[in-house]
Structures are given as structure tokens and as C-alpha cells.
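The values are calculated or read from the model by the stated rules, or taken from the named source; none is laboratory data. Nothing here was measured: the structure is a model prediction, and the numbers come from that model. Cβ sites come from the backbone with ideal geometry, for glycine too, and all protein chains shown count toward neighbours. Remember, those area values only see protein heavy atoms, side chains included, never the ligands or the DNA or RNA. Shrake-Rupley method; radii C 1.70, N 1.55, O 1.52, S 1.80 Å.
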Amino acid sequence: KNEVEQSPQNLTAQEGEFITINCSYSVGISALHWLQQHPGGGIVSLFMLSSGKKKHGRLIATINIQEKHSSLHITASHPRDSAVYICAVRLYGGATNKLIFGTGTLLAVQP
Amino acid sequence: GAGVSQSPSNKVTEKGKDVELRCDPISGHTALYWYRQSLGQGLEFLIYFQGNSAPDKSGLPSDRFSAERTGGSVSTLTIQRTQQEDSAVYLCASSRGQFNEQFFGPGTRLTVL
């Protein structure tokens, strides 16, 4: 079983819909990242959070440390949001800052 | 400002040859990471450099893989005697400090024939 699980693996939505992508993890963490990767493109960091909620434009990320769960929400989705969204966690303790990644959620937003 | 840059963007090599992949982090970033993204698999950690500390090499898949970071800036990932299973996109990232947000480079796509 992967230490970081994402759901769904694939998601198709119509433009304007509210989208939720979920991430569950089984290890103690000090931070969780949400990353975006467009087809053929590089990786962009969307959020890094260790508690509560963060908002940037139409994107909202929440985390529940007790339940070991995070969600990424996209409001008023647009075709340009089509990408792979990746959840990654930084393990708690130790001196390393390496990330453990989920397998990603492929989002397609249709016009 | 300039982001993380990597070179080459694409590399095709024959099985058994050695390859070197280069990463130029964002100026002033003390932490540098190498990751690998294989087809059909997720991202995996390879190695992490932080300042003058000993690197965390726990993600390197075999002793054919090594990395250096000279002068606390540029890093080179070397793969010796490449195998077909080494084919992947190799990504570099850097961050201002040990626990700050990571910024990713565009990656080097390695194909081993």
C-alpha cells in the first residue's frame, strides 16, 4: 500500500463545475504539498500546508492532520485547469526535506 | 527572476553508456533535490543536498547513480552503465531553505535504447 493515496485517479468535469481531489496518507508528516503538472510541462507548486486551509484564486487546499487527509478544491473550473494534480508529503522528523508523492489525479475539464 | 534550469532537455543514449544531467538551482537556494518520474509511475525521490551537510542519498536506486553539488550551486546527476529501466524524466528542484517551498525545473527526458 502506498504511503500517499490520491482519489480519484482520473476525473472529467464540465467547465464551471466545483472539483475536489482527495489525498490520504499513512505516515506522520510535517507538511503536505499540492503540485500541478500540465501535459508535457513542468511541475508547479500550488500549496504547501501543515494545518488548516489555504486559498489562492480559485484553488483551495485543506488539511486535517488528525485524519491524515487533505483536499484540493477548484471552484468554477476551466479547461486550462486540465492537468495532473499531485499530492506530496514531507515526513515528520529528521533533517531531510524529501517528498513522498501520490500517483496523481488526471483532471480533464471540458468546455 | 530565473527559475530552476536543467540540461539537456532531452537525452538519448545507448545501453551501457554513462550520462550526466545538470541542474542550475535558483540563486540563493541552499537546498537542491533530484527526483525521477518514470512512465506509468509516480515521482520518486533520489537525492537531497542542503548547504554543506552530507547529502541524503537514500533514494538512489543503485550504485550506478551518483550526484555532486559543487560550490553549493550547480548539481550534476551521473548515471553509469545506463540500463533501459533508467529511462525517465529526471527532475531537479530547489528551495530557499530546508523546509521551504520547492521550485521544480523543466526536467531532462532520458531515453536509454
* To do: Pick out the one residue from A:11, A:59 that is without any contact (Cβ under 8 Å) to a residue 40 or more places away in the chain and in contact with a Leu (Cβ under 7 Å, 6 or more places away or on another chain).
  => A:59
* Structure fact -> The residue that is farthest from residue B:72 (Cα to Cα), considering only those in segment B:10-24 that are within 12 Å of the chain's Cα centre (by Cα) and open to solvent by 20 Å² or more (accessible area, probe 1.4 Å), is B:20
* To do: Inspect all residues belonging to segment A:69-80 and state whether any of them is more than 12 Å from every other protein chain (Cβ to nearest Cβ), in contact with a His (Cβ under 8 Å, 6 or more places away or on another chain), open to solvent by less than 20 Å² (accessible area, probe 1.4 Å) and assigned to a strand (DSSP E or B).
  => no
* Flag for residue B:85 being under 22 Å from residue A:3 (Cα atoms) and open to solvent by 50 Å² or more (accessible area, probe 1.4 Å) -> no
* Structure fact -> Within segment B:74-113, of all residues that are assigned to a strand (DSSP E or B) and within 17 Å of residue A:46 (Cβ to Cβ), the one nearest to the other protein chains (Cβ to nearest Cβ) is B:104
* Only listed residue being within 11 Å of chain A (Cβ to nearest Cβ), out of contact with any Ser or Thr (no Cβ under 9 Å at 6 or more places or on another chain), of a type outside the set (Phe, Trp, Tyr) and farther than 24 Å from residue A:90 by Cβ, chosen from B:59, B:40 -> B:40
